[in-house]
1. Looking at region 155-175, which of its residues are surrounded by 11 or more Cβ atoms within 10 Å (Cβ to Cβ), among the charged types (D, E, K, R) and not in a helix (DSSP H, G or I)?
2. Does region 1-59 hold any residues that are of a type in the set (Phe, Trp, Tyr) and touching a residue at least 12 places away in the same chain (Cβ under 8 Å), and which are they?
3. Among the residues of region 4-14, is there at least one that is among the β-branched types (Val, Ile, Thr) and part of a helix (DSSP H, G or I)?
4. Which of the residues belonging to region 34-64 are open to solvent by less than 30 Å² (accessible area, probe 1.4 Å) and not in a loop (DSSP other than H, G, I, E, B)?
5. If you take the residues of region 134-154 that are out of contact with any helix residue (DSSP H, G or I) (no Cβ under 8 Å at 6 or more places or on another chain) and part of a helix (DSSP H, G or I), which of them is surrounded by the most Cβ atoms within 10 Å (Cβ to Cβ)?
6. For region 93-103, indicate whether the set of residues that are at pLDDT 85 or above and open to solvent by 80 Å² or more (accessible area, probe 1.4 Å) is non-empty.
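The values are calculated or read from the model by the stated rules, or taken from the named source; none is laboratory data. Because the structure is predicted, anything quoted here is derived from the model rather than measured. Quick reminder, even Gly has a Cβ in these numbers, built from the backbone with ideal geometry, and neighbours come from all protein chains shown. Protein only, heavy atoms only, side chains kept; ligands, DNA and RNA dropped before computing areas. Shrake-Rupley method; radii C 1.70, N 1.55, O 1.52, S 1.80 Å.
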Amino acid sequence: MNHDCNMLIDYLPETVEIEGVEYEIESNFRTFILFEMLMQDSELSDSEKAMQGLKLAYPVIPDNLEAAVDELLWFYACGKRWREKRAGSVEGASEVQRIYSFEHDDDYIYSAFLTQYHIDLQDIKYLHWWKFKALLRTLSSDLEFCKIMEYRSVDINANMTKEQRDFYRKKKELYALPLPADEEEKVDAIAEALMNGGDLTGLL
């Protein structure tokens, strides 16, 4: 069991602990971009996603597959427990949802990192997944990528003018994604796929 990690005082992990044994986990940002895209692949069954996800993340897959999935989700969620987050109250529900897709927004994300941080992701050999996510979360709202996320998540309501409603409807249609509506739904969908309906036997 791995505890919640504070990026300011803890070294970022490159292993997870399962039943007292340390297992290496692939920590590079590209691995978990691929992982997220894999989990959202509608052409794969849940069992295929679970098997390929575990193989992608673990050089050596732990025998305890349920614990391996839990620790994989902990790492994917950057040190947060998805079960606890899901069971708790909805936090920040009034905030603009940050909706994106690594598959559909790759050029916008690449450009945003280059513009704000002067980081050329093509030149980066290794960047810890948690560092990448921290940088992704704090991109400026002035960037086109963040504007697109706002368009996708904005709540069109009667308090808007007709012009505003028409504007956001067009933007939503233009930038629509065939993905879950928010980050929590996305993590839940990934967890469900990895758990394979609760049956992890016979996967490997």
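1. Passing the criteria: none in range.
2. Residues satisfying the conditions are Tyr23, Phe29, Phe32, Phe35, Tyr58.
3. No, region 4-14 contains no residue that is among the β-branched types (Val, Ile, Thr) and part of a helix (DSSP H, G or I).
4. Of region 34-64, the ones open to solvent by less than 30 Å² (accessible area, probe 1.4 Å) are 35-36, 38-39, 49-50, 53-54, 57-58, 62.
Within region 34-64, Phe35, Glu36, Leu38, Met39, Lys49, Ala50, Gly53, Leu54, Ala57 meet the criteria.
5. We begin by selecting, within region 134-154, every residue out of contact with any helix residue (DSSP H, G or I) (no Cβ under 8 Å at 6 or more places or on another chain); these are 134, 137-138, 142, 147, 149-150, 153.
This time we only want the ones that are part of a helix (DSSP H, G or I), so: 134, 137, 147, 149-150, 153.
Working: Ala134: 13, Arg137: 9, Lys147: 14, Met149: 22, Glu150: 16, Ser153: 15.
Of everything passing the filter in region 134-154, Met149 is surrounded by the most Cβ atoms within 10 Å (Cβ to Cβ).
6. Yes; the residues of region 93-103 include at least one that is at pLDDT 85 or above and open to solvent by 80 Å² or more (accessible area, probe 1.4 Å).
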